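See structure below.
The values are calculated or read from the model by the stated rules, or taken from the named source; none is laboratory data. All values reported here derive from a predicted model rather than from experimental measurement. Here Cβ is always computed from backbone atoms with ideal geometry, including for glycine, and neighbour counts include all displayed protein chains. Keep in mind that these areas ignore ligands, DNA and RNA; they rest on the heavy atoms of the full protein, side chains included. Shrake-Rupley method; radii C 1.70, N 1.55, O 1.52, S 1.80 Å.
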Amino acid sequence: MTPQQKQSSSTRQWLRRSAAAVALAAVLGGVAAPAALAAPSKAGATQSGATRGNLLSATPLDRLGRADVAAQLSAVGIDASTVRYGIAAYRLTYATVDPQGRPTTATGLLVLPQDGPRRLDLVSDTHGTVAPRDDAPSGGAGYNRLTPYLHASAGRAVAAPDYLGLGGGPGRHPYMDTRSSVTASVDMLKASRTAAARLGRSVTRDVYATGFSQGGQVAMALGRELSRGRDGFRLRALAPIAGPYDLSGSELPGISDGRVEPRTAVFYLSYFLTAQNRLHPLYEDPSEVFRAPYAQAVEGLFDGNHREQDIVAALPASPQELLTAEWAENIRAPHGALRTALEVNDGACDWKPAAPVRLYAGSADTDVPIANSRACAADLARHGVRAKVVDQGPDTDHFASAIRSAPQAVRWFDSLR
């Protein structure tokens with residue numbers, strides 16, 4: 001196969017993956033209803049410093065019967081045997097803080113089981129990488145509602161944050177900024193507790209934390225925050241899926257040595273470097289990092305309005321074509337500001353959970369190599385915690401790891417009741 005044929009094949013694979021995401025969105029396709037369940041706070045409330053986690057509004061999005069939930073999950077290959085209830089879904093808008101600690105707002109998806117117990121345990125389900133803001137759980141694209149619906153249909157309340165700058169939140173998404181992803185997730189739990197009460201349900205202190213890809217890393221870091229006991233919640237279990245827990249030791253080396261598929265690596269690197277530059281200045285001009293002609297366009301591609309397939313089409317097929325020689329070497333052997341940014345966002349597994357942990361992954365994953373999960377397990381082991389790495393097998397890629405692992409996490413949560 002010629003280099004041109006390889007590039008064309010890689011492009012087709014990426015576009016097929018994007019098309020699959022669009023198909024999932026079509027399966028769920030909930031449309032926001034106009035009526036709000038909770039009256040929004042005054043416009044200046046958050047700007048003047050509303051309490052973190054204050055619920056500002058709750059808007060109905062979707063209501064599905066048990067059979068409909070099962071059918072939608074089954075349509076995309078998710079085991080629906082744990083579905084016991086229909087679901088009701090709402091977009092929450094709530095007060096939180098930005099990466100600098102300043103007041104802002106964020107949105108997220110609350111999903112409640114229809115019928116069932118009035119008092120519910122709570123699942124935090126944190127989503128994977130998305131570039132368009134509407135692909136977040138509470139947005140118009142429905143595929144990031146799949147696992148929240150799965151968990152809620154098993155009989156738990158589910159809080160699925162959009163993170164900052166996605167869904168209906170202002171500004172740009174600070175991609176892979178662990179700290180602000182955690183604050184947005186904690187505050188979503190608080191807002192969900194308030195919204196559930198207004199809807200005639202209550203939630204217990206117990207939180208089961210899960211998430212996929214970027215959300216797997218967020219789930220581990222969220223677990224660490226909840227374990228400190230400051231927010232009125234109690235971590236009950238951790239079940240992250242295919243998370244990039246080890247950026248320095250596994251993910252970036254995987255990009256350099258080819259374990260991460262090159263076009264995927266280009267997408268992740270572009271998103272990560274442009275977002276982190278706003279938080280930990282990596283460059284003064286994009287041309288320091290990105291080759292022409294990509295330097296002129298790359299920052300604008302991640303404004304929350306571009307579809308992933310359009311971003312991929314506008315970028316090259318490999319990191320070597322994307323990065324200047326200096327920055328290709330910096331990715332291989334991080335130093336300076338890049339090393340600082342990695343250190344700030346690594347370490348999600350470097351603590352001692354009191355709750356049980358299972359790490360789900362697939363050994364055919366070329367987005368987030370399974371080495372990340374093994375490194376996470378090793379970090380936990382150094383703290384005396386044995387965490388099982390559930391390898392879904394040599395035929396399981398990144399997205400298949402979510403499809404296969406999420407129902408297993410539901411059954412594991414059930415067993416811990």
**Request:** Kindly write out, for the stretch 319-326 in residue order, the coupling ³J(HN,Hα) from the Karplus curve 6.51 cos²θ - 1.76 cosθ + 1.60 (θ = phi - 60°), rounded to whole Hz, with x marking Gly and Pro.
**Result:** x, 5, 7, 7, 9, 5, 4, 4
**Request:** Determine, from the Cβ-Cβ distance of Arg278 and Asn305 and an R0 of 22 Å, the FRET efficiency 1/(1 + (r/R0)^6), rounded to the nearest 0.05.
**Result:** 0.85
**Item:** Residues of the stretch 278-377: accessible area per residue with a 1.4 Å probe, Å²
**Value:** 45
**Message:** Sort 389-397, 217-225, 83-91 by the packing proxy (mean of other Cβ within 10 Å over each peptide's residues), most packed first.
**Reply:** 217-225, 83-91, 389-397
**Item:** Point-to-point label distance, Ala67-Arg382, nm (Cα→Cβ direction, 7 Å offset)
**Value:** 5.4
**Asked** Between Asp62 and residues 5 or more places away or on another chain, which pairs have amide H atoms under 5 Å apart, with H built 1.01 Å from N, and which residues are they?
**Response** Ala89
**Asked** With all pairs of different alpha carbon atoms counted, what Kirkwood hydrodynamic radius in Å does the stretch 224-334 show?
**Response** 15.7
**Fill in**
Applying the gyration tensor rule to the Cα atoms of the stretch 68-183 (axes a ≥ b ≥ c; rounded if a/c under 1.5, else prolate if a/b exceeds b/c, else oblate), the class is prolate
**Prompt:** With θ set to phi - 60° and the Karplus curve 6.51 cos²θ - 1.76 cosθ + 1.60, what are the ³J(HN,Hα) couplings of the stretch 142-156 in order, to the nearest whole Hz, using x for Gly and Pro?
**Reply:** x, 5, 7, 9, 4, 6, x, 5, 4, 5, 5, 5, 8, x, 10
**Message:** To test your reading of the geometry: what angle, between 0 and 90 degrees and rounded to tens, separates the Cα axis of helix 336-345 from the longest principal axis of the chain?
**Reply:** 20
**Request:** Divide, for the stretch 296-417, the radius of gyration over alpha carbons by 2.2 N^0.38 Å, where N is the residue count.
**Result:** 1.34
**Item:** Å² of accessible area per residue within the stretch 114-159, as computed with a 1.4 Å probe and no ligands counted
**Value:** 21
**Fill in**
For the chain, longest principal axis from Cα atoms; helix 178-198 axis from its Cα atoms; angle between them, nearest 10 degrees, is 20
**Prompt:** How big is the charge dipole of the chain about its Cα centre, in debye rounded to the nearest 20, if each Lys and Arg gets +1 on its Cβ and each Asp and Glu gets -1 on its Cβ?
**Reply:** 1760
**Fill in**
Once phi for every residue in the stretch 377-394 is put through the Karplus expression 6.51 cos²θ - 1.76 cosθ + 1.60 (θ = phi - 60°), the whole-Hz ³J(HN,Hα) values, with Gly and Pro written as x, are 4, 5, 4, 5, 4, 5, 9, x, 10, 9, 10, 6, 8, 8, 7, 7, x, x
**For Arg236, residues with placed amide H under 5 Å, excluding near neighbours** = Val207, Tyr208, Ala209
**Prompt:** Applying 1/(1 + (r/R0)^6) with R0 = 51 Å to the Cβ-Cβ distance of Asp395 and Thr51, what FRET efficiency is obtained, to the nearest 0.05?
**Reply:** 0.60
**Request:** Quick one: which residues, 5+ away or cross-chain, put their amide H under 5 Å from the amide H of Arg291? H built at 1.01 Å from N.
**Result:** Leu323, Thr324
**Complete:** Given the candidates Pro174, Pro137, Thr59, the one whose Cα lies deepest towards the positive end of the charge dipole of the stretch 57-187, counting +1 at each Lys or Arg C-beta and -1 at each Asp or Glu C-beta, is Thr59
**Item:** Compactness of the chain, expressed as Rg and Dmax over alpha-carbon positions, Å
**Value:** 20.2, 62
**Prompt:** Taking the Cα-to-Cβ direction at Arg417 and at Glu326 and moving 7 Å from each Cα, how far apart do the two end points lie in nm?
**Reply:** 5.9
